[in-house]
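S.K.: Below is the structure I would like to discuss, written out as structure tokens.
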Amino acid sequence: SLWLFKDPLGGQPNCPITVKNGYLYTGFWNSETGDANFVCLTITDENPNAEKEYKNASWYYTAKGGFYWAGAFVSDEFVIIGTDDGTNKCTSQSSNLLLFDARTGEEFDRWENLNGDIRSTVSYDKQMDAYYFTSKGGSFYSVKVIETENGWKFDNGWSVNLKNGWASTPMSAGSPVVDNGRAYVGVSGAGQFTAYSGHNITVIDLDKKAIAYSVETQGYPQTSGLLTTAYEEESGYVYIYYFDNYTPGKLRVLRDKKGQTEADYLTAEGTRSTAYAIFTPTGNHAQY
């Protein structure tokens, strides 16, 4: 142990940790409506002779509802982080995307009144020069950051409503995976742990700002996808891997290329055509 940090407001430290330039950034969650902090800490061990000295935050920001699974994007200049919505509802239009000075915590800008809890990490795509995230309220978001005389601000924000074929909220919590003008996200069906209830992997055409297509899964692909370009030069396709968050926990792969409008790599599961199941755990290994 080098040092410890205990947040004064308490709560669960269940957000990803982002490290940049000798600092780390992470958030805490203290109930759907409780106050909790997003903090910036130095990673320096100020007292190497002590294994358990307590560290103070370099700066912090307090939000109602706090931060749950929300991972920050951090550059040399700024930090982008999404908040929970501060309510017990799924689609309250009260979450925010925040833009801070990475060193001081000064708030440069915010995108307000977003759709439900933001529980994904903020992804950046260099080709599009834009940032992407999803919400538990069922939205996919894109935004740019531009420099001004007074610092940085958000610009050109837009969103796409996700779908699951049911009247229920199409939640999304995994970080968007972005490549070559396409974004890939997992979407929840009508019942988070109800099989074949509309769970799907959705592909978004970023140029058209619209859903290109989606493909059904047995369980909710709640995690982030893993994309490989290893076969792109040979075949034109990228491959994106997801797990179902539902027993038996199938590992699936989506094959996609720019301009594609439907899934073409499928598994028959009963009467359904689902995203290709490359591996299905069995016995004691079958889990969500």
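The values are calculated or read from the model by the stated rules, or taken from the named source; none is laboratory data. All values reported here derive from a predicted model rather than from experimental measurement. In this analysis, Cβ positions are derived from the backbone assuming ideal geometry, glycine residues included, and neighbour counts consider all displayed protein chains. In case anyone asks, the SASA skips ligands and DNA or RNA and just uses the protein heavy atoms, side chains included. Shrake-Rupley method; radii C 1.70, N 1.55, O 1.52, S 1.80 Å.
S.K.: Need pairs with beta-carbon distance below 7 Å; first residue farther than 16 Å from LYS209 by Cβ and within region 106-133, second open to solvent by 10 Å² or more (accessible area, probe 1.4 Å) and among the basic types (Lys, Arg); sequence gap 6+ or separate chains.
M.R.: PHE108/LYS153; ASP109/LYS153; GLY116/LYS136; ASP117/LYS136; ARG119/LYS136
S.K.: How many of the residues in region 85-114 are crowded, with 23+ Cβ neighbours inside 10 Å, of a type outside the set (A, V, I, L, M, F, W, C) and over 14 Å from THR33 (Cα atoms)?
M.R.: 0
S.K.: Which residue is nearest to VAL215 (Cα to Cα), if the candidates are limited to region 242-261 and must be among the charged types (D, E, K, R) and open to solvent by 20 Å² or more (accessible area, probe 1.4 Å)?
M.R.: ARG255
S.K.: Among the residues of region 7-43 satisfying the criterion of being under 18 Å from VAL74 (Cα atoms) and more than 20 Å from the chain's Cα centre (by Cα), which is least open to solvent (accessible area, probe 1.4 Å)?
M.R.: Taking the candidates together, the pick is LEU41.
S.K.: Could you check, for region 218-241, whether at least one of its residues is open to solvent by less than 40 Å² (accessible area, probe 1.4 Å), assigned to a loop (DSSP other than H, G, I, E, B), in contact with a Pro (Cβ under 6 Å, 6 or more places away or on another chain) and among the small types (Gly, Ala, Ser)?
M.R.: No; the residues of region 218-241 include none that is open to solvent by less than 40 Å² (accessible area, probe 1.4 Å), assigned to a loop (DSSP other than H, G, I, E, B), in contact with a Pro (Cβ under 6 Å, 6 or more places away or on another chain) and among the small types (Gly, Ala, Ser).
S.K.: Might you let me know whether region 140-153 holds any residue that is surrounded by fewer than 24 Cβ atoms within 10 Å (Cβ to Cβ), within 19 Å of the chain's Cα centre (by Cα), in a loop (DSSP other than H, G, I, E, B) and touching a residue at least 12 places away in the same chain (Cβ under 8 Å)?
M.R.: no
S.K.: Just a yes or no: is a residue in region 190-197 aliphatic (A, V, I, L, M) and touching a strand residue (DSSP E or B) at 6+ places or on another chain (Cβ under 8 Å)?
M.R.: Within region 190-197 (the criterion being aliphatic (A, V, I, L, M) and touching a strand residue (DSSP E or B) at 6+ places or on another chain (Cβ under 8 Å)), the answer is no, since none of the residues qualifies.
S.K.: Next up: Restricting attention to region 45-78, report how many residues are among the basic types (Lys, Arg) and open to solvent by less than 80 Å² (accessible area, probe 1.4 Å).
M.R.: Number satisfying all stated conditions: 1.
S.K.: Next up: Inside region 154-170, can you point out the residues that are assigned to a loop (DSSP other than H, G, I, E, B), open to solvent by 70 Å² or more (accessible area, probe 1.4 Å) and in contact with a strand residue (DSSP E or B) (Cβ under 9 Å, 6 or more places away or on another chain)?
M.R.: Answer for region 154-170, where residues must be assigned to a loop (DSSP other than H, G, I, E, B), open to solvent by 70 Å² or more (accessible area, probe 1.4 Å) and in contact with a strand residue (DSSP E or B) (Cβ under 9 Å, 6 or more places away or on another chain): LYS163, GLY165.
S.K.: Does region 254-274 contain any residue that is in contact (Cβ under 8 Å) with a residue 40 or more places away in the chain and within 19 Å of the chain's Cα centre (by Cα)?
M.R.: Yes.
S.K.: I need every pair where a residue in region 200-213 that is touching a residue at least 12 places away in the same chain (Cβ under 8 Å) has its Cβ under 7 Å from the Cβ of a residue that is assigned to a loop (DSSP other than H, G, I, E, B) and buried (at least 24 other Cβ atoms within 10 Å of the Cβ), sequence separation at least 6 or different chains.
M.R.: Note: pairs meeting the criteria are ASN200/THR217; ILE201/THR217; ILE201/PRO221; THR202/LEU162.
S.K.: Which condition number in (1) under 22 Å from ALA130 (Cα atoms); (2) touching a Leu at 6+ places or on another chain (Cβ under 7 Å); (3) open to solvent by 20 Å² or more (accessible area, probe 1.4 Å); (4) of a type in the set (A, V, I, L, M, F, W, C) is the one that ILE81 fails?
M.R.: Status for ILE81: all satisfied but (3).
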